[in-house]
Each structure stands twice: as structure tokens, then as C-alpha cells.
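The values are calculated or read from the model by the stated rules, or taken from the named source; none is laboratory data. Given the structure is predicted, the values throughout are model-derived calculations rather than measurements. Note that we place each Cβ from the backbone using ideal geometry, even for glycine, and neighbour counts take in every protein chain shown. Only protein heavy atoms, including side chains, enter the accessible area calculation; ligands, DNA and RNA are left aside. Shrake-Rupley method; radii C 1.70, N 1.55, O 1.52, S 1.80 Å.
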Amino acid sequence: MNQRDLPKRKHPRLKIFDYSSTGAYFVTICTQNRKCVLSQVVGRGLAPAATNDYDVPNGENIVQIQLTAIGKIVEQQLLLLEERYACLEIPEYVIMPNHIHIVFVLNNETAGASPRPTIMDIVCAFKSLTTLECKKTYKIDKLFQTSFFEHVIRDRNDYNGIVKYIYENPAKWHYDDLYADD
């Protein structure tokens with residue numbers, strides 16, 4: 001297969017939008033080849049004894065996310081982003097088996113002498129630092145897919161719908177487009 005036969009990659013970002021501007025952004029990052037290395041969704045039809053911050057009610061049952069060792073590194077690096085970038089808040093996220101949903105909020109904090117980071121800068125730093133940290137212990141060449149999905153959150157209703165989606169995602173894992181049974 002030569003270069004001309006490859007599908008043309010479509011750049012998903014809005015051409016005229018400033019991705020360093022104050023606002024909220026919904027981001028989804030997938031693992032390389034959608035490998036389920038970040039967590040396990042347990043409790044489908046069961047009520048586990050232990051609970052954590054990821055417990056999601058599903059009718060009378062509880063669905064729980066159990067992070068793998070790699071998933072714990074991912075969570076640690078994700079939360080460290082708020083220290084790295086003074087203008088960043090991460091109010092909502094969920095670490096699924098093969099992808100992560102995150103709400104990034106860029107506020108009015110200045111970046112000091114540095115220019116304000118864009119969402120692309122933040123995601124690239126997260127992916128790079130997380131992969132480097134995982135390589136120290138695990139045989140991982142590439143942890144994440146090259147690109148990521150982003151959505152500029154437009155208003156409070158949009159934000160509330162995304163938070164609901166993130167909250168309910170574990171309970172719907174087996175029906176998710178990104179579901180992989182491995």
C-alpha cells in the first residue's frame with residue numbers, strides 16, 4: 001500500500017476557534033488499538049462490597065470501575081495536569097478500560113511568561129508523560145492512539161449532558177461503541 005492509497009486524515013479541530021480560550025472542553029482519549037489496559041468494569045448485575053469514587057448506580061445494582069496498575073498511573077498523571085497548568089481544572093473524568101472521558105476547564109489564570117496552553121498542548125503533555133511513566137515499569141511502546149476526540153462545551157445544558165454521559169458510561173460499557181471484550 002502506498003501513500004496515495006491511505007485514507008485522508010480529517011483534522012477534527014475547528015479552524016477558527018482558539019483552543020486556549022477560557023471555557024470547557026469534553027475530550028475522549030483512546031488507548032492504542034483500543035486495548036483494555038486501563039480498568040475493568042465490574043458489577044454487571046452484581047453489587048460489589050467495596051465502593052469507590054467511580055461507583056455508578058445502575059438500577060439497584062452498582063457498576064464499579066477498578067483501575068489497573070496502568071490506569072492508576074493514568075489517573076495520577078491526569079490529576080497532575082492541574083499542577084502543571086494553573087489555568088486548568090478537571091472537574092469530571094472517567095477512566096474506562098480502553099478510553100478516558102475528561103472535562104477540561106480553562107479559566108482566566110495567566111500562564112506567567114509562557115503562552116496559555118491549548119487543549120492540544122494539554123492532551124499531548126498528558127499522553128507523553130503518562131506513556132513515559134508507564135514505560136518505566138511495563139513493556140508499552142505506545143499507550144494511546146495518535147489523535148483524540150474533543151468537543152467545545154457550549155452552554156450549561158451541554159455541560160450537564162456531558163457530565164451525565166461520563167457518569168453513566170461505566171453502566172453502559174457493554175453497549176459502548178468503544179467496547180472491546182479482551
By accessible area (1.4 Å), largest first, 39, 147 order as 147, 39
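So which GluC sites (Glu not before Pro) in the range 89-151 are both in a DSSP loop and have at most 14 other Cβ atoms within 10 Å of their Cβ?
Filter output for the range 89-151: 109.
Give, in nm to one decimal, the length gained when the segment between residue 132 and residue 83 is fully stretched (0.36 nm per residue of separation minus the Cα-Cα distance).
Stretched fully, the residue 132-residue 83 segment lengthens by 15.8 nm.
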Could you calculate the contour length gain from residue 168 to residue 124, that is, 0.36 nm times the residue separation minus the distance between their Cα atoms, to one decimal place in nm? 13.2 nm
The correct ranking of 101, 174 by accessible area at 1.4 Å, largest first, is 174, 101
Label points 7 Å out from Cα along the Cβ direction at residue 68 and residue 90: separation in nm? 1.8 nm
By average C-beta atoms within 10 angstrom, highest first, the peptides 22-31, 115-124: 22-31, 115-124
Loop-only check: which chymotrypsin sites (Phe, Trp or Tyr not before Pro) in the range 128-165 are DSSP coil with at most 15 other Cβ within 10 angstrom? 138
Cα centroid of the range 64-90 to Cα centroid of the range 119-172, whole Å: 10 Å
With DSSP loop assignment and no more than 10 other C-beta atoms within 10 Å, the trypsin sites (Lys or Arg not before Pro) in the range 123-155 are 136, 139, 154
